[in-house]
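Student: Okay, here's the structure, questions in a sec.
The values are calculated or read from the model by the stated rules, or taken from the named source; none is laboratory data. These numbers come from a predicted model, not from an experiment. Cβ sites come from the backbone with ideal geometry, for glycine too, and all protein chains shown count toward neighbours.
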Amino acid sequence: MGTISATFGVLLLTCGISPQEDVAREVVDLMEVNHFYDEEGRLVFDQVIFYDWSADDSRYMVRAWRLVKNPAQLPQKNWQVGGYVAVWQDGEILRKVHSQAMRESWTQYDPELVEREFLPKEKRRELRSLSMVKAPGR
């Protein structure tokens, strides 16, 4: 079995394809699983919000967010290296985001929308795009 895997890996590399080229690996300072409820106490949506620490502002600033469409997207404890990791298919690429810290919140407001008052969405760093993940010339 190991010989087949190694042969397959060599074949992929020979064709110019890296088995991990479509995995966007990123590190953020904090991940938040937010459960947003309406005024009647009904769950509206679940989202994962990714934050970076701003030393200038002495606070976490939203970098990006994603609606939770599948429980598999939720951050999991990473027992091998510590912290937490969220892995999900994000369009054409597989995303893997790591953070040393994770929190969970239940709110009747959307923390990501509130954060737009501090840092407009257009000025956020965001998660890397597919063009930044793939090798140049592809």
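Student: So, of the residues in segment 49-63 that are among the aromatic types (Phe, Trp, Tyr) and under 15 Å from Glu126 (Cβ atoms), which turns out to be surrounded by the fewest Cβ atoms within 10 Å (Cβ to Cβ)? Outline the logic, then answer.
Tutor: Within segment 49-63, the first condition is being among the aromatic types (Phe, Trp, Tyr), and the residues that meet it are 50-51, 53, 60.
Narrowing the set further to residues that are under 15 Å from Glu126 (Cβ atoms) leaves 50-51.
Details: Phe50: 26, Tyr51: 22.
Among residues in segment 49-63 that are among the aromatic types (Phe, Trp, Tyr) and under 15 Å from Glu126 (Cβ atoms), the one surrounded by the fewest Cβ atoms within 10 Å (Cβ to Cβ) is Tyr51.
Student: (1) surrounded by fewer than 17 Cβ atoms within 10 Å (Cβ to Cβ); (2) at pLDDT below 90; (3) farther than 20 Å from Asp46 by Cβ; (4) out of contact with any Gly (no Cβ under 9 Å at 6 or more places or on another chain): which one isn't true of Ile93, the others all being true?
Tutor: With respect to (1) surrounded by fewer than 17 Cβ atoms within 10 Å (Cβ to Cβ); (2) at pLDDT below 90; (3) farther than 20 Å from Asp46 by Cβ; (4) out of contact with any Gly (no Cβ under 9 Å at 6 or more places or on another chain), Ile93 is out only on (1).
Student: A further question on this structure: Kindly evaluate Glu117 against the criterion of being out of contact with any strand residue (DSSP E or B) (no Cβ under 8 Å at 6 or more places or on another chain), at pLDDT 95 or above and exposed (fewer than 10 other Cβ atoms within 10 Å of the Cβ).
Tutor: Criteria not met by Glu117.
Student: Wholly within segment 36-103, which strands (runs of 3 or more DSSP E) include no fewer than the required count, namely at least 2 residues that are more than 17 Å from the chain's Cα centre (by Cα)?
Tutor: Numbers: elements: 43-54, 59-67, 84-90, 93-99.
Passing ranges, in order: 43-54.
Student: Continuing with the same structure: Please work out which residue is farthest from Arg59 (Cα to Cα), limiting yourself to segment 22-45 and to residues that are surrounded by fewer than 14 Cβ atoms within 10 Å (Cβ to Cβ) and of a type in the set (Val, Ile, Thr). Walk me through it before giving the result.
Tutor: Within segment 22-45, the first condition is being surrounded by fewer than 14 Cβ atoms within 10 Å (Cβ to Cβ), and the residues that meet it are 23, 27, 38-45.
This time we only want the ones that are of a type in the set (Val, Ile, Thr), so: 23, 27, 44.
On the way: Val23: 29, Val27: 17, Val44: 27 Å.
So the residue we want is Val23.
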